[in-house]
Amino acid sequence: MSGTLALSELLCSELLLFAALGLIIGGLDDLAIDLIYLARRGWRSLTVYSRVARMTSRDLPPAGSAGPIAVFIPAWDESDVIRPMLTGCLDKWAGEDVQIFVGAYPNDPATLWAVCTLITERGGGRVTLVVNDRPGPTTKADCLNQLWVALQRWEVEQGRRVLTVVLHDAEQVVSVVTPKKSQKTANVRFGSSRLAAAMA
């Protein structure tokens, strides 16, 4: 009986030692995360927040008043899809604060014609055609850089700054737009369904 009791006490001691080691290892892990957080918070207080004030939810502008959304669409040889895609965007974003910038090339007359006719018929100042300085195709980055320069000119001319820039592909269509709420919130979501699938 005393041997069984001694064995059970030894087993309990070993289990307690194992549990204690597990708690120490878990505690050290938590302590390391806490120390990293405190060091990062102290570093940011000394370096970042000494120059820039902290932003809180009280500092954010009211919903719908922060600024327009710019949509960048680089387009090379997209004459078959660019007009239906832009038409869908203008229909679904009617009344929303969205400015569309389309990048095209001087040696792509079909795409230029499709975008120009759409702007003439219903662009209403919401679509800006940006013709690249170089003949296409160039890289998408080159076209996006041209769109960025055009956006900066537009911001100066309009006296407004955009809230965000969305990169959109000419073959994609806008799938969902949440209706405007009474506080005039423009909550726009973009989908990636193909134009052919949407028109089928």
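Annotations for the structure displayed:
- Each of Ala39, Leu86, Pro74 was placed along the dipole of region 34-124 (beta-carbon charges, centred on the mean Cα), and the one lying farthest toward the positive end is Ala39.
- In Hz, Karplus ³J(HN,Hα) per residue of region 128-143 (6.51, -1.76, 1.60; θ = phi - 60°; x = Gly, Pro): 10, 8, 10, 8, 5, 5, 9, x, x, x, 10, 6, 4, 4, 4, 5
- Per-peptide packing, taken as the mean over residues of other Cβ atoms within 10 Å, places 114-120, 26-32 in the sequence 114-120, 26-32 from highest down.
- Accessible-area order (highest first, 1.4 angstrom probe) of the listed residues Arg44, Arg51, Arg58, Arg122: Arg58, Arg51, Arg122, Arg44
- Net dipole in debye of region 1-117 [+1 Lys, Arg Cβ; -1 Asp, Glu Cβ; about Cα centre; nearest 20]: 620
- Ranked packing of 35-43, 148-156, most packed first, by mean Cβ within 10 Å: 148-156, 35-43
- Converting phi to 3J(HN,Hα) with the Karplus coefficients 6.51, -1.76 and 1.60 and the offset θ = phi - 60°, region 105-117 yields 10, x, 9, 10, x, 5, 5, 4, 5, 4, 6, 4, 5 Hz in sequence order, with x at every glycine or proline.
The values are calculated or read from the model by the stated rules, or taken from the named source; none is laboratory data. Since this is a predicted model, take the numbers as computed values, not measurements. All Cβ positions, even for glycine, are placed from backbone atoms using ideal geometry, and neighbour counts span all protein chains on display. These accessible areas exclude ligands, DNA and RNA; they are computed on the full protein's heavy atoms, side chains included. Shrake-Rupley method; radii C 1.70, N 1.55, O 1.52, S 1.80 Å.
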